[in-house]
Structure formats: C-alpha cells, structure tokens
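What follows is a single structure, written as structure tokens, with notes after it.
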Amino acid sequence: MPSALVTGATGILGRQIVQELGKDKQQWPTVYALSRSKKEAYPENVKHQHIDLQASADEMAKELENVQPDYVFFAAYLAKDDEGEATKVNGAMLENFLDALAITGASKKVKRVILTTGAKQYGVHLGVPKNPMEESDHWLKDEDRPPNFYYKQQEILAAKAKEQGWDWVVTYPNDVIGVAHGNFMNLTSSLGLYAAVTKEMGAEFVWPGSPDFYTRFDSFTYSKLHAKFNLWAALEQSPKVSNQAFNVVNGDVESWANMWPKVAAKFGLKIPEQMFTPEEEQGKIDEEKGSVMPLMEKPPLSEFAAERGLKDSAKFLAQSRVEQVVDLIKWSQREDVKKAWDTLAKREGLEHDAFEKATWGFLGFVLGRNFDLVISMNKARKAGWTGFQDTFDSLSESMDDLVAEKVLPKFGS
C-alpha cells in the first residue's frame, strides 16, 4: 500500500487532504503531515513531521531523512503582498523541497506529485477573465503583467519531474470554502463573523460587496471536495491525468443573490428589501463607509479579445473594480462592532482572537469584484472525475464546523 506526504498540513486545503488520507488506513497506512507546528490530533496512520519550507534543500533533507513517500501533495504557500516576492519565495519553497527529496533519495520512490495552486492562474485578481476559464487558456505573461508564482511553480514542477523521474498533477481551486483548525484566514470564518456580529447588533444583513457582483456568478471549491480530487488524481492511471492541470470547483455556479438570503436564514437575520441605493447601483459608492479599488487597466479578458471579436470593446474590456458598499476593514475597526464582538465572544465562550485575525480585506476582495467568475470542469469530467458539491451546503457545513471550533456561536442562540 502506498505512503503519502502532505505539505501545508495545517492550511485550509492541506489539512483536509490529511484528513481524507487519514480516513482509509488500509489504502494509506502511512501519511506524513508536514508543517512548522502541529495544531491538532491526527488519525493513527498520520505522522506529523516538522519542516521549515523556507529552509535550504540541505536543511530540509535533514528533516526528511526517514520519509519515503510514494505520493506527494504540495499544498503549502506563503502569502506576500508583492507579487514578485511571492514568486521568488513560493518558487524557492517548492524547488528546495523537491531537491531535498532528491538528496535523501526519496524521489526515486515518488510516483506522482500533486501541486495545489489556484484560480490566480487566470488572473482573477487582475480583472474580468475570459469566461468560462479553461485549463487550455494561455498564461498571462505579457510585460505589463505582474509575476504569477503559480506559473513559476508549474515550470519548476515540470522540470523536476523530468529530472527526477516522476509525474505530476496541478489543481486550480477557487474561492475556497472550508475550515482550518486555529486558522481564521479564510472566507468562511470572516463571513460567519460578519453575520454573527450583525445579529448581535440587531442590524439588517447588508451585502457589503459590489452591487454588480451580488447578482453575478462565481465558482467555489469546498476543501473536502478538493481533497477527494487530490486522492483520485494521485491514483488515477489514465494518460488524461498524468502531467495535467485541472480546475477543481464544486461543479455548480452560484450567485450571492441566491446564497445571501440562505446565509441570513441560517443566522436568523433579515436582509433589506431594497439592498442598494440607486447611486450604489450606478457604481457611486459612499467612500466614508465603503471603498472602490481599480484593478489593472487591461483586464485578463483583453488578451483573448481579438480572437473573440471583442478587440477595443469599451463595454467588455472596461477596467474592473473592487467595490465595497461596506468596507469590511473599516467596519471591523468600528468601536460599536468591536464591542458587539467582545460581548458575543464572552457570552458564548468563543475564540476571542478570531475576529481580529479574520481576513477582512480578503473577504472584501472576494465579494467586491464586479465581474463573473465561471470555471469549467469539462477537462476533469472527461478524465473520469465525477465529484460534485452543492456550494451552499458546503458553506453551511463549514459554518457548523466553526461552531464546533468555538469561532461562531451556536445557531439559534
């Protein structure tokens, strides 16, 4: 039976891969969970191994001396504000780690490396992409584009595979829904905290993001579904899987206009009958409480425009924006909001640091984009993947998990 190694074992995606591997002791009798620290108990077939992925290959090799995996799941990354620095750091982490496996001799046993990246592949952080997004879309490497560390990592992965004799799979998840123990840096935690504090304050559940995006479409990835895909991709022998990259999203396409009332109902909240003012609908955001951030002047779609009859189209190639009717960073720093959280956290025995550590800027970005994000699952389907997840169910289940983690109060309380 094969052994597995997971880097980034405490992150929202890596943690779930470890959990999925840990469920089947017959199939996966030995699982190495690598991270800088251990945050929770693991099943008996999972062994925690300390590692610093920013160390040199030689230093990592010392930590990996007795680790001999058949399959490697690389789900670690280090966030950096500067894209150039992110490319340098995350590229070096992957390259040094793979070199460390060569130094110990473990790479001779490795059959496949599965690398987790994301929909930044398509420039979703830069403006409106080409929809639907497909794995065959060319990389955005024009001189006026910022570096993309996913491109760098994939170049390293392909080169090391040829050098060391194993093959690879890359995953592109988007807007991940899930929970990581002791890690509040995720979409679900921030959204749940926004709802819980709104209820504590007795306020209506106002959509804080872009009025445009409220009715537009997004594609989400449940961390548990992504983990199942990783295990399927590791063992699938089809040539349609070997040395291939795949979108990994739930398989439905959702709008917040559909999910926001459902989130409100889960928390016992009411949404306004008229969510936006006429000014907000026209893109005129009150910057006292909200904010507007322009993205790149040339959105990613512009690189596909001429071949689709959209060259120089002012309508379709307009500069994208991140609009927040309620700027969530400003909101989280208001005294009445902090007081409401303090009261709620003390009364319900919640993890008090969760509110301060929540990624309000990230949630504001995800909800504030003013364009669709539609990601195709056709390639994975044609390769034999049949997994599916209802997005609201994944959000609801993750919020239930946050109740168990003492991040959110019990529903109905």
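The values are calculated or read from the model by the stated rules, or taken from the named source; none is laboratory data. Predicted model only: the values in this text are computed from it and were never measured. So basically every Cβ, Gly included, is an ideal-geometry build from the backbone, and we count neighbours across all protein chains shown.
Structure notes:
For every residue, the table says whether it meets (1) assigned by TED's automatic domain parsing to the domain that holds A354; (2) touching a helix residue (DSSP H, G or I) at 6+ places or on another chain (Cβ under 7 Å).
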| residue | (1), (2) |
| --- | --- |
| R381 | no, no |
| G384 | no, no |
| D393 | yes, no |
| E397 | yes, no |
| F411 | no, yes |
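- Residue that is assigned to a helix (DSSP H, G or I) and surrounded by fewer than 20 Cβ atoms within 10 Å (Cβ to Cβ), where the choices are K228, K240: K228
- Test: residue in region 6-22 that is part of a loop (DSSP other than H, G, I, E, B), among the charged types (D, E, K, R) and within 23 Å of F229 (Cβ to Cβ): no
- The residue pairs whose first member lies in region 103-124 and is touching a residue at least 24 places away in the same chain (Cβ under 8 Å), whose second member is assigned to a strand (DSSP E or B) and of a type in the set (K, R), and whose beta carbons are closer than 8 Å, counting only pairs six or more residues apart or on different chains, are V124/R369.
- When region 43-73 is filtered for residues that are under 21 Å from A180 (Cα atoms) and surrounded by fewer than 16 Cβ atoms within 10 Å (Cβ to Cβ), the ones remaining, listed by number, are P43, E44, K47, H50, D52.
- Residue satisfying condition, being surrounded by 20 or more Cβ atoms within 10 Å (Cβ to Cβ) and within 27 Å of E254 (Cα to Cα), within set L328, L310, L350, L344: L328
- Within region 377-413, the set of residues being over 19 Å from G268 (Cα atoms) and among the basic types (K, R) comprises K379, R381, K382.
- Candidate set from region 331-341 (those that are under 25 Å from F213 (Cβ atoms) and either at pLDDT below 95 or surrounded by 15 or more Cβ atoms within 10 Å (Cβ to Cβ) (or both)); member that is farthest from the chain's Cα centre (by Cα): V337
- Some residue of region 195-216 being at positive phi, surrounded by fewer than 23 Cβ atoms within 10 Å (Cβ to Cβ) and in contact (Cβ under 8 Å) with a residue 40 or more places away in the chain: no
- Every pair of residues 6+ apart whose Cβ atoms lie under 7 Å, when the first sits in region 327-348 and is without any contact (Cβ under 8 Å) to a residue 12 or more places away in the chain and assigned by TED's automatic domain parsing to the domain that holds A203 while the second is surrounded by fewer than 17 Cβ atoms within 10 Å (Cβ to Cβ) and not charged (D, E, K, R): A345/H352
- For region 363-394, the set of residues classified as touching a Leu at 6+ places or on another chain (Cβ under 9 Å) and closer than 13 Å to D252 by Cα consists of G387, F388, Q389, S394, listed by residue number.
- From the options E95, E63, residue that is over 20 Å from the mean Cα position of the chain (by Cα) and under 21 Å from A158 (Cα atoms): E95
A quick yes/no check of all residues on (1) hydrophobic (A, V, I, L, M, F, W, C); (2) outside any loop (DSSP other than H, G, I, E, B); (3) under 24 Å from K382 (Cα atoms):
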position	(1), (2), (3)
V128	yes, no, no
W139	yes, no, yes
P147	no, no, no
Q154	no, yes, yes
T188	no, yes, no
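- Some residue of region 286-293 being under 29 Å from H138 (Cα atoms) and either surrounded by 14 or more Cβ atoms within 10 Å (Cβ to Cβ) or touching a residue at least 24 places away in the same chain (Cβ under 8 Å) (or both): yes
- Test for A245: is it surrounded by fewer than 21 Cβ atoms within 10 Å (Cβ to Cβ) and either modelled with pLDDT under 95 or in a strand (DSSP E or B) (or both): yes
Results for (1) aliphatic (A, V, I, L, M); (2) surrounded by fewer than 22 Cβ atoms within 10 Å (Cβ to Cβ); (3) more than 30 Å from R216 (Cα to Cα), shown as yes or no for each residue.
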position: Y77; (1), (2), (3): no, no, no
position: D82; (1), (2), (3): no, yes, no
position: D99; (1), (2), (3): no, yes, yes
position: K111; (1), (2), (3): no, yes, yes
position: K120; (1), (2), (3): no, yes, no
position: N131; (1), (2), (3): no, yes, no
position: E134; (1), (2), (3): no, yes, no
